[in-house]
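Okay, so here's the structure we're looking at.
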Amino acid sequence: MSAAEQSNPQVKIRLLINALHSKSGGGLTYLNNMLPHFAADSDLDIHLCIHEDQRKLLPDNLENITVHTLDFPQGFWQLQLREQIDVPRLARKIGADITFSPANYGPLMAPNSVILLRNALSVAFVERRPVKLAYWAMVYAGTVLSLLTSKRAITVSEYARVAASGGLIGLFSNRLRVIPHGVSGIFLPPKQNTNREKFLLAVSDIYVQKNFKNLICAVARLASDHSDVTLKIAGRPIDTEYFAELKNTVSKEKLDGKVEFLGQVHPQELVALYQRCGVFVFPSTVETFGNPLVEAMACGAPIACSNTAAMPEVVGDAAVFFDPLNIESMASAIGRFLNDGELCRELSRKAVDRAKKYSWKKTAEQTLAVIKDVNMGNDLS
């Protein structure tokens, strides 16, 4: 934007959002909740870059957002290449002032890049498969290169900021800004006090770092004293190899009929699950934030949660914590809820109060403040 344009209050900031990596999980939740708030800002002229296959995943009827679709063969390396070529080309074509990539990395040649560090690079420490390790090595390299060319990087928690401040990424720590995710207004506690059901609930697309294998083993430990307890896991089996391992674990632990994989669940159905579950369990080993945690809190679910990564920061005192690598610790934490109705009610109240801290409106306002700061050309502090 020229100096003349900056002095004209009628000229809007042309913001290009690179959404090519927002296909599932937290990335998709983020954009679906943020785009309406972005669209409502009269200072912005918003352009959204997506792949043709993402049309049904993201809202396409918002005023003040022009959607640009790319159509190329799907595949990991095709995406990396086309992102580096097509997004900067689109930015030049539309005269973008800022390029915002809500992913760990983005196009290196795009103007005034802002990125969102939302993926936990330490997932590599829980992986053992060579192909997956190669993937996370590439993500790390892409993140470093993107930080080298970006103006700002947003992290979603203090844990993520501290974790990113080590190694090569630490060279760019002055560019990091902490802005937590929010929670949609559809996630509410039940309108009236009702008895919760006996099932345990876990919510996440299925990846190895989500640690569902240990959760299934913990349910097996609980079965002798709580024969009526079942587990529902809501999320798509993205990592098919790990999903097959989970099903084998169910059979090995003799839990057939006790563990149900629900697949992708519509948000309204998810609300009902949060409101009805006896315990919401979040067993993840590595997480920079954890959207399901805040959704469960907003619905007043009693929460048993990992004591690692960003989880204690997000949930505060509204959970019973466990060591996610210790099956007995996990089973003991869940068992406390199954044996103590008053504990369930107390932490349910605390969860609802804690969730009030999180708002997508607040997240959008803080994110747009960073974007507008970059547009003004302010120096890094």
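Data overview
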{"read-out": "Single condition Ile238 does not satisfy, out of (1) assigned to a loop (DSSP other than H, G, I, E, B); (2) surrounded by 14 or more Cβ atoms within 10 Å (Cβ to Cβ); (3) among the β-branched types (Val, Ile, Thr); (4) out of contact with any Asp or Glu (no Cβ under 6 Å at 6 or more places or on another chain)", "value": "(4)"}
{"read-out": "Residue match in region 288-300 (condition: under 20 Å from His226 (Cβ atoms) and in contact (Cβ under 8 Å) with a residue 40 or more places away in the chain)", "value": "no"}
{"read-out": "Close pairs (7 angstrom Cβ cut-off, 6 or more residues apart or separate chains): more than 16 Å from Ala96 (Cα to Cα) and modelled with pLDDT of 95 or more in region 28-43, buried (at least 18 other Cβ atoms within 10 Å of the Cβ) and of a type in the set (D, E, K, R) anywhere", "value": "none"}
{"read-out": "Residue tally, condition within 18 Å of Phe322 (Cα to Cα) and among the hydrophobic types (A, V, I, L, M, F, W, C), over region 209-235", "value": "9"}
{"read-out": "Test: residue in region 318-339 that is under 28 Å from Phe100 (Cα atoms), buried (at least 21 other Cβ atoms within 10 Å of the Cβ) and modelled with pLDDT of 95 or more", "value": "no"}
{"read-out": "Matching residues, region 244-284, being in a loop (DSSP other than H, G, I, E, B) and either outside the structural domain of Val315 (by TED's automatic domain parsing) or under 24 Å from Gly185 (Cβ atoms) (or both)", "value": "Gln264, Val265, His266, Cys277"}
{"read-out": "Among (1) of a type outside the set (D, E, K, R); (2) surrounded by 14 or more Cβ atoms within 10 Å (Cβ to Cβ); (3) in a loop (DSSP other than H, G, I, E, B) - the single one Ser42 does not satisfy", "value": "(2)"}
{"read-out": "Check on Arg177, touching a Lys or Arg at 6+ places or on another chain (Cβ under 8 Å) and either of a type in the set (Phe, Trp, Tyr) or part of a loop (DSSP other than H, G, I, E, B) (or both)", "value": "no"}
{"read-out": "Contacts under 6 angstrom Cβ, first residue in region 340-353 being surrounded by 14 or more Cβ atoms within 10 Å (Cβ to Cβ), partner assigned to a helix (DSSP H, G or I) and at pLDDT 95 or above, 6 or more apart", "value": "Cys344/Phe337; Ala351/Met297"}
{"read-out": "Residue match in region 282-298 (condition: over 26 Å from Leu117 (Cβ atoms), surrounded by 19 or more Cβ atoms within 10 Å (Cβ to Cβ) and at pLDDT 95 or above)", "value": "no"}
{"read-out": "Selected residue [among the basic types (Lys, Arg) and under 25 Å from Phe289 (Cβ atoms)] from Arg196, Arg152", "value": "Arg152"}
{"read-out": "From Val281, Val320, Val370, Val315, residue being in contact with a strand residue (DSSP E or B) (Cβ under 7 Å, 6 or more places away or on another chain) and more than 26 Å from Phe212 (Cβ to Cβ)", "value": "Val370"}
{"read-out": "Top-ranked residue in region 299-317 [being farther than 13 Å from Val281 by Cβ and surrounded by 24 or more Cβ atoms within 10 Å (Cβ to Cβ); ranked as farthest from the chain's Cα centre (by Cα)]", "value": "Gly300"}
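The values are calculated or read from the model by the stated rules, or taken from the named source; none is laboratory data. Only a predicted model underlies this, so the values are computations on that prediction, with no experimental measurement involved. Positions of Cβ are backbone-derived with ideal geometry, glycine not excepted, and every protein chain shown enters the neighbour counts.
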